[in-house]
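Peer 1: Take a look at the following structure, please.
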Amino acid sequence: EIINQLRGLDTLSYILDREKYFPWYACLSIIRSEFIRENNLLFQVGRNYEDVLWTPEVFMNAYKVGFVNKALHVYRRDREGQITSQISYQNLRDSIFIADYWMKKTSQLNREDLKVKIMNNIIPRYFYALWFSGFLNKRNRKMILRELQDHCYLLDYRDTPIQKLTYMLISCFGFALTSKIFKSA
């Protein structure tokens, strides 16, 4: 009832108030094809986690959002062989890209409260890239660590104890050693 009365940005805020780590699966939504065309809402080709780039954009462009509280479809999240369950250079690189993308995109919002909610939801992806970088081969690990360093301003959005601990470790030991610490943990 409440969501059916809200605009897209307000719905997004409402959802993130109740579920800090909302799963951005595109399959959770039914969207008019003309809305997608009118707003040029296309998946980015060659990116993993494209739902995380796309779904918040849908809310940001929506004039009206409806909600149906019924299971209309079943989605298996953890299926064998899925790309996003693997630790790979591309997955970690795309995680950093997504965090950076939303940091830049939310800076255009006139709503600081919503910016913080979106970033608190998205920023763990940056930290995942560091935490799992130690499992990459030496060459890819080095490239991911460079990406993490180039985007270190994303560390400003740390809000959980493990993110704060990670920041302290980076401050004391740097990215490379922190990566090794998390690999051995």
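Peer 1: What nm value, rounded to one decimal, do you get for the distance between MET168 and ASN61 when each label is placed 7 Å out toward the C-beta?
Peer 2: 4.4
Peer 1: Sort THR55, THR160 by heavy-atom solvent-accessible area, probe 1.4 angstrom, most to least.
Peer 2: THR160, THR55
Peer 1: Further, regarding this structure: Measuring with a 1.4 Å probe in the full set of protein chains, what accessible area per residue, in whole Å², belongs to the chain?
Peer 2: 62
Peer 1: Which of the lysines could be linked to LYS164 by a straight reach, that is with a Cα gap under 29 Å, when you skip same-chain ones fewer than 8 residues away?
Peer 2: List returned: LYS20, LYS104, LYS105, LYS115, LYS117, LYS138, LYS142, LYS180, LYS183.
Peer 1: Note down the relative contact order for the chain as a percent, whole number, built from C-alpha pairs under 8 angstrom at least six residues apart.
Peer 2: Once divided by the residue count of the chain, the mean separation gives 22 percent.
Peer 1: Of all the accessible heavy-atom surface of the chain, with the other protein chains kept in place and a 1.4 Å probe, what percent is carbon and sulfur?
Peer 2: Looking at the chain in its full context, I get 53 percent from C and S.
Peer 1: Enter the angle in degrees (range 0 to 90, nearest 10) between the Cα long axis of helix 138-150 and the first principal axis of the Cα atoms of the chain, meaning the one along which they spread out most.
Peer 2: Compared with the principal axis, the helix lies near 60 degrees.
Peer 1: How much accessible surface area, in Å² rounded to 10, belongs to the heavy atoms of ASP150 with a 1.4 Å probe?
Peer 2: My reading of the accessible area for ASP150 is about 90 Å².
Peer 1: Using 0.36 nm times the number of residues separating PHE43 and ASP156, minus their current alpha carbon distance, what extension gain do you get?
Peer 2: The span from PHE43 to ASP156 would gain 37.9 nm if fully extended.
Peer 1: If I take R0 = 30 Å and measure r between the Cβ atoms of LYS20 and PHE135 in this structure, what FRET efficiency does the formula 1/(1 + (r/R0)^6) give, to the nearest 0.05?
Peer 2: 0.70
Peer 1: Can you give the convex hull volume per residue for the Cα atoms of the chain, as a whole number of Å³?
Peer 2: Each residue corresponds to 140 Å³ of Cα convex hull volume.
The values are calculated or read from the model by the stated rules, or taken from the named source; none is laboratory data. A quick note: this is a predicted structure, and the numbers were derived from the prediction, not measured. So basically every Cβ, Gly included, is an ideal-geometry build from the backbone, and we count neighbours across all protein chains shown. When the accessible area is computed, the model is the full protein with side chains, heavy atoms only, and any ligands, DNA or RNA have been set aside. Shrake-Rupley method; radii C 1.70, N 1.55, O 1.52, S 1.80 Å.
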